[in-house]
Amino acid sequence: MRAYEKNRNSMIRLGILCGVLCLAVVGLLVFRVLIWSENRQQTRLLVLVNDWNGVDSANFKVKLQKLQCGAEVDTHCASDLEQMLTDCRLAGCDPVVVCGYRDREEQKKLYEKEYSLYIEQGKTCDEATVLSSRKVARPGRSEHELGLSVDIVDGSYRELDQKQEETHTAKWLRENAERYGFVLRYPENSESVTGMVYQPWHYRYVGKMAAEQMKELGICLEEYVQMFFSEKAVIVHKK
Ligand SMILES: [Zn+2]
C-alpha cells in the first residue's frame with residue numbers, strides 16, 4: 001500500500017513538472033512571437049525611403065485609413081495623427097493636412113511639374129533632375145507612398161515654403177510632434193544626409209520611442225537607422 005502511494009505521488013509530481021515545463025515552453029513561444037511582432041512593426045515604421053532607397057512596393061503594403069479631414073494615411077499612424085491634430089488645435093493652432101498618402105501616379109505628376117519648371121528656366125535634363133528631386137521626391141522614392149508621412153500647414157499660411165516655419169502650427173509641431181510618434185523629416189541644414197531641402201511642413205511617423213530618441217539625439221531618420229539598424233541602412237551622403 002505504502003509502495004503504491006509512493007508511486008502515485010511520484011506520478012503526480014512528474015505530471016506537475018511536465019505541466020510546468022509545457023507552460024514555460026508555451027510562455028516562451030508567446031514571448032518570442034510578441035518580440036517578433038514588435039520588431040516587425042518597428043521595422044515597418046522605420047522603413048527608410050529617400051532618393052537612393054526606393055519604396056519596396058512588393059513588401060510594403062499600405063493599409064489606408066481616412067482622417068476626419070478627408071486625407072488618407074496608413075492605419076498604423078492614423079490615431080496618433082488625429083490626437084496630435086486635436087491637441088494642436090486645443091493649443092490654439094489651426095493645423096491643416098494638405099497631403100497624406102499619395103500614390104505613384106500622383107507623385108509622378110508632381111515631380112514632372114517641378115522638373116518642367118527647371119527645363120523652362122533653361123536647365124539641362126541632368127540639372128533639372130538633380131534640382132527637382134531635392135524638392136519633390138521622384139516617383140517610387142516618396143515617403144508619401146508609404147502613407148506614413150503628412151504635410152501639415154497652418155490655416156493662415158498654406159504655402160509650402162520656408163516661411164511656414166514661423167506659423168503657430170509649425171512651432172507647436174516642432175515642440176510636440178515626437179510625443180505622438182512624428183518627426184520633422186527634413187530638418188534645416190540636413191540636406192547632405194536626407195537629400196531633401198528643409199521642409200518645415202513634412203512630418204513622418206516613426207513611432208513614439210524612435211521619435212523621442214531622434215529628437216533627443218538631434219538626428220534624422222537616415223542617421224537613426226544607421227545607428228540602430230546598420231546592417232539594413234544604406235546611407236549615402238550626397239555631394
Ligand atoms: Zn511631404
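The values are calculated or read from the model by the stated rules, or taken from the named source; none is laboratory data. Just so we're clear, the structure is a prediction, and the values are computed from it rather than from any experiment. Positions of Cβ are backbone-derived with ideal geometry, glycine not excepted, and every protein chain shown enters the neighbour counts.
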Query raised in the report: Out of (1) aromatic (F, W, Y); (2) within 18 Å of the chain's Cα centre (by Cα); (3) part of a helix (DSSP H, G or I), the odd one out for Y186 is which?
Result: (3)
**Report entry** Any chance K239 is at pLDDT 95 or above, away from the ligand (no atom under 14 Å from the Cβ) and basic (K, R)
**Finding:** no
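Going by the structure shown, is Q42 modelled with pLDDT under 75, of a type outside the set (A, V, I, L, M, F, W, C) and either surrounded by 15 or more Cβ atoms within 10 Å (Cβ to Cβ) or not in a strand (DSSP E or B) (or both)?
Numbers: modelled with pLDDT under 75: yes; of a type outside the set (A, V, I, L, M, F, W, C): yes; either surrounded by 15 or more Cβ atoms within 10 Å (Cβ to Cβ) or not in a strand (DSSP E or B) (or both): yes.
Against the criterion (modelled with pLDDT under 75, of a type outside the set (A, V, I, L, M, F, W, C) and either surrounded by 15 or more Cβ atoms within 10 Å (Cβ to Cβ) or not in a strand (DSSP E or B) (or both)), Q42 qualifies.
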Query raised in the report: Can you name the residue in segment 115-148 that is of a type in the set (G, A, S) and outside any loop (DSSP other than H, G, I, E, B) and is also nearest to G207 (Cα to Cα) among such residues?
Result: S133
Query - The one condition in (1) away from the ligand (no atom under 14 Å from the Cβ); (2) touching a helix residue (DSSP H, G or I) at 6+ places or on another chain (Cβ under 6 Å) that G155 fails to fulfil - result: (2)
Query raised in the report: Taking only pairs six or more apart or across chains, which ones have beta-carbon atoms under 9 Å, a first residue in segment 75-96 that is touching a residue at least 40 places away in the same chain (Cβ under 8 Å) and over 14 Å from Q65 (Cβ atoms), and a second residue that is of a type in the set (D, E, K, R) and outside any helix (DSSP H, G or I)?
Result: C88/D94; C93/D154; D94/D154; P95/D154; V96/D154; V96/R158
Query raised in the report: What single numbered condition from (1) within 12 Å of the ligand (Cβ to nearest atom); (2) modelled with pLDDT under 95 fails to hold for E223?
Result: (1)
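Quick check on segment 144-162. Is at least one of its residues at positive phi and assigned by TED's automatic domain parsing to the domain that holds D87?
Restricting attention to segment 144-162, the residues satisfying the condition of being at positive phi are 147.
Now restrict to residues that are assigned by TED's automatic domain parsing to the domain that holds D87: 147.
Yes: segment 144-162 contains one or more residues that are at positive phi and assigned by TED's automatic domain parsing to the domain that holds D87.
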Requested in this report: Filter segment 200-220 for residues that are in contact (Cβ under 8 Å) with a residue 40 or more places away in the chain and either within 16 Å of the ligand (Cβ to nearest atom) or in a loop (DSSP other than H, G, I, E, B) (or both) and give the result.
Outcome: W201, H202, Y203, R204, Y205, V206, G207
Query raised in the report: Residues in segment 111-131 that are among the aromatic types (F, W, Y) and either more than 16 Å from the ligand (Cβ to nearest atom) or exposed (fewer than 14 other Cβ atoms within 10 Å of the Cβ) (or both): how many?
Result: 2
Report summary line: Residue pairs qualifying under the 7 Å Cβ cut-off, at least six apart or on distinct chains, with the first in segment 149-176 being part of a strand (DSSP E or B) and the second being among the basic types (K, R), are S149/R185; S149/R204; Y157/K163
Query raised in the report: Given the conditions (1) crowded, with 20+ Cβ neighbours inside 10 Å; (2) more than 13 Å from the ligand (Cβ to nearest atom), and given that E188 satisfies all but one, which numbered condition is not satisfied?
Result: (1)
Report summary line: Those residues of segment 45-92 that are part of a helix (DSSP H, G or I) and of a type in the set (A, V, I, L, M, F, W, C) come to a total of 8
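Given the criteria surrounded by fewer than 21 Cβ atoms within 10 Å (Cβ to Cβ), of a type in the set (K, R) and out of contact with any strand residue (DSSP E or B) (no Cβ under 8 Å at 6 or more places or on another chain), does K163 qualify?
On the way: surrounded by fewer than 21 Cβ atoms within 10 Å (Cβ to Cβ): yes; of a type in the set (K, R): yes; out of contact with any strand residue (DSSP E or B) (no Cβ under 8 Å at 6 or more places or on another chain): no.
The answer is no for K163.
Yes or no, residue by residue, for (1) within 14 Å of the ligand (Cβ to nearest atom); (2) in contact with a helix residue (DSSP H, G or I) (Cβ under 8 Å, 6 or more places away or on another chain); (3) modelled with pLDDT of 90 or more:
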| residue | (1), (2), (3) |
| --- | --- |
| C93 | no, yes, yes |
| G100 | yes, yes, yes |
| E106 | yes, no, yes |
| K109 | no, no, yes |
| S133 | yes, yes, no |
| E143 | yes, no, yes |
| E159 | yes, no, yes |
| T167 | no, no, yes |
